[in-house]
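The values are calculated or read from the model by the stated rules, or taken from the named source; none is laboratory data. Values in this document were obtained by computation on a predicted structure and should not be read as measured data. Here the Cβ positions follow ideal geometry from the backbone for every residue, glycine too, while neighbour counts run over all protein chains shown.
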Amino acid sequence: MTERFFNLYSHDFARVAVGVPRCRIADPKANAAETIALAQQAADNGALLIAFPELGLSAYTCDDLFHQRALLDATRDAIAQVVEASTQLSIAMIVGAPLRVEHQLFNCAIVIAGGRIHGVVPKTYLPNYGEFYEARQFSSADSVTVNAIELLGQTVPFGPAQLFQIENLPLFRFHAEICEDLWVPIPPSSFAALAGATVLVNLSASNIVVGKSGYRHQLVGQQSARCLSAYLYSSAGKGESSTDLAWDGQALIYENGEKLAESERFLDTSHIVYADVDLERLSRERMRATTFGKSVHRHADEVAKFRIASFPLQLPLDRVVRLNRNVERFPYVPSDARRRDERCAEVYNIQVQALVQRLSATGIQKVVIGVSGGLDSTHALLVCAKVMDRLGLPRTNILGYTMPGFATSGRTLQQARQLMEVIGCTAHEIDIRPSCMQMLKDLGHPFAEGKEVYDVTFENVQAGERTSHLFRLANYQNGIVIGTGDLSELALGWCTYGVGDQMSHYNVNASVPKTLITHLVRWVAETHQIGESGSDVLLNILDTDISPELVPGKSEKQPEQKTESVIGPYELQDFNLYYTLRFGFAPTKVAFLAHHAWSDREAGRWPEGPHVARNEYDLAAIKRNLAIFLRRFFQTSQFKRTCVPNSPKVGSGGSLSPRGDWRAPSDSDATVWLEDLKRIPD
């Protein structure tokens, strides 16, 4: 059970490979031996599929030698070598070779596994321009007149519209196309994806010229993104003829627009690249994007042409095959500093633009905001400041209110005062303790009688009193209340419903998770957008423990409550939220990914910066905190999300607005998720 959990194949991942063997021109026997050696290496490494270059068994640069019987016969023998070797390997191979069929010669991709040839796919688009003369030697797949051929004593499916299914891995269905097939406006793989292929493969030769490597990246990346698929790309390397061309042996693997692997180019030796493809993620993306299904319907005639060849492969479940894939610890925050700055700038501008539109549309020129000296209200105040600048209004139109209660620490109160000063807003301070005490007396609460009873009512009276003040102040000042609560708090239900911090007139932070808000505030500080003194204030706020400050402690200087001691660390809960909300993964898979990312410092990357926690979590901690997340997200807090205020969606990671990404019943039960959680080893 434990070993199975740590095996990537237990979670709908599959390891794939692209091999670039060093070749010899017109020496199929030697090329077959090199191909087999790479396939053996890939199988030993747990891969289920390896793709090789176009015409790799003969070499691509044979020119008119392709019409020599000796070469074609030798190539046929080389195919037999590979088929024989495949009986001992639990891996599917796609090799390139010229084949004679019905008095024509075709440039083919041959799918081999388990001692059998499962299909032969001829190239459709033959380049005959520039340095390419393929139509001189080969016929296009369009001229195919049969749907099966006899090859090495087998009757083998033949033709371009073929898919290959690994029987015991239902989400692994692949398709092969050849080089120029990808360069055309509608590649054959587009229709293959609509017919169910999740892994697309391109056997290419592709000589190298200046700029071509980047163009390959664009083609492969975009095709994988459009088709919601993985895409494997090979190109010929060392050994091809240098008569007029050069070869770099580039191998690429992309998944849904994201590069997973790339080989070093211009190597003198044979080489392989690997990637662990998330088949479930691809399937869920297609299920989520209903326009994908619409495309299937629109192109039903093309989809119907595909035949499926199924065969089993022995999955390496008898040993631990650990995931070899970067899983970011902070999925909402890019680890690369440049990309992170770009992300922060874009999110900030989305929030600003949304609030600018709301104020412009309503004609309201003032905003009311509660400033606690904590992280969320700080960022919301920064957004408001930028909005006033954009609208040409004075920042004094921001009416900031800090409202100390029974547990407000001296540190956060001072930070709130300093922040409002450096922002230049109209700053107010309202002590809510008298009004809270009156309500507690009205309720007959023991605290009003001098007893230290700090229950949820005690906490919510303070949260509700703050919000009540803000709404009445907004009425009085002809402004709107700006909400400050973030996506992480909404996910965990860490907000007071209705008359509490859950409600506002407009919430700029509602789809921004806590881990990203941390970096947004740091980005504003590091780019000195509110001056040097303002940056110092922001950095102090970043160093403050996250706390609701609703229960008095032993010291007035520091908050007694620490939010993360109750609901778990935000960095881990944001990870759980991302994979639950964005992809709908089961708890077992979320935990598997979290363990890969968080249990080993070498497995995941942290965003750079001096204020980033560098924690590690073992599987027990991951399971414990995931249980907290599941109960709070699926069972106890949906009613709070059903009536959230308007707010801008900022990222593809999703929002929890019932008008947007997330619609769910308020009285759902978490049983099925908690039952799946039990499958995670202790």
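Before moving on, here are some points about what is shown:
- Flag if ALA197 is in a helix (DSSP H, G or I), buried (at least 24 other Cβ atoms within 10 Å of the Cβ) and out of contact with any Asp or Glu (no Cβ under 8 Å at 6 or more places or on another chain): no
- The set of residues in region 503-544 being assigned to a loop (DSSP other than H, G, I, E, B) and modelled with pLDDT of 95 or more consists of MET503, SER504, HIS505, VAL508, ASN509, ALA510, SER511, VAL512, PRO513.
- For region 499-532, a residue qualifies if it is small (Gly, Ala, Ser) and surrounded by fewer than 24 Cβ atoms within 10 Å (Cβ to Cβ), and the qualifying residues are GLY500, ALA525, GLY531.
- Filter result (of a type in the set (S, T, N, Q) and out of contact with any Leu (no Cβ under 9 Å at 6 or more places or on another chain)) within region 82-105: SER86, THR87, GLN88, GLN104
- Looking only at region 269-320, residues that are within 30 Å of the chain's Cα centre (by Cα) and part of a helix (DSSP H, G or I) come to 21 in all.
- A single member of ALA620, ALA613 is modelled with pLDDT under 95 and within 30 Å of VAL320 (Cβ to Cβ), and it is ALA613.
- Selected residue (criterion: nearest to ALA591 (Cα to Cα)) from residues of region 269-323 that are of a type in the set (Asp, Glu) and without any contact (Cβ under 8 Å) to a residue 40 or more places away in the chain: ASP318
- Meets criteria (touching a strand residue (DSSP E or B) at 6+ places or on another chain (Cβ under 9 Å) and either farther than 22 Å from ASN540 by Cβ or outside the structural domain of LEU355 (by TED's automatic domain parsing) (or both)) for ALA474: yes
- Meets criteria (of a type in the set (D, E, K, R), more than 20 Å from ALA17 (Cβ to Cβ) and without any contact (Cβ under 8 Å) to a residue 40 or more places away in the chain) for ARG226: yes
- Leading residue by the ranking (surrounded by the fewest Cβ atoms within 10 Å (Cβ to Cβ)) among those in region 88-114 that are touching a strand residue (DSSP E or B) at 6+ places or on another chain (Cβ under 9 Å) and outside any strand (DSSP E or B): GLU102
- Hey, ASN128 surrounded by fewer than 17 Cβ atoms within 10 Å (Cβ to Cβ), more than 27 Å from ILE253 (Cβ to Cβ) and touching a Gly at 6+ places or on another chain (Cβ under 8 Å) or not: no
- For region 651-680, filtered to residues that are surrounded by 15 or more Cβ atoms within 10 Å (Cβ to Cβ) and more than 23 Å from the chain's Cα centre (by Cα), the residue that is farthest from ASN349 (Cα to Cα) is LEU674.
- Test: ASN207 is at pLDDT below 95, of a type in the set (S, T, N, Q) and either in the same structural domain as GLN81 (by TED's automatic domain parsing) or touching an Asp or Glu at 6+ places or on another chain (Cβ under 8 Å) (or both): yes
- Applying the set (1) surrounded by fewer than 22 Cβ atoms within 10 Å (Cβ to Cβ); (2) over 15 Å from VAL650 (Cβ atoms) to SER377 leaves exactly one unmet item: (1).
- Selected residue (criterion: surrounded by the most Cβ atoms within 10 Å (Cβ to Cβ)) from residues of region 327-374 that are hydroxyl-bearing (Ser, Thr, Tyr) and within 14 Å of TYR506 (Cβ to Cβ): SER360
- Test: residue in region 92-105 that is within 37 Å of the chain's Cα centre (by Cα) and either among the acidic types (Asp, Glu) or farther than 25 Å from ALA26 by Cβ (or both): yes
Residues are listed down the side, and each one gets a yes or a no for (1) crowded, with 22+ Cβ neighbours inside 10 Å; (2) touching a residue at least 60 places away in the same chain (Cβ under 8 Å); (3) of a type in the set (Asp, Glu); (4) not in a loop (DSSP other than H, G, I, E, B):
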site: ALA176; (1), (2), (3), (4): yes, yes, no, yes
site: SER189; (1), (2), (3), (4): yes, no, no, yes
site: ALA193; (1), (2), (3), (4): yes, no, no, yes
site: VAL201; (1), (2), (3), (4): yes, yes, no, yes
site: VAL209; (1), (2), (3), (4): no, no, no, no
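- Any chance VAL590 is closer than 19 Å to SER488 by Cα, at pLDDT below 95 and of a type in the set (Val, Ile, Thr): no
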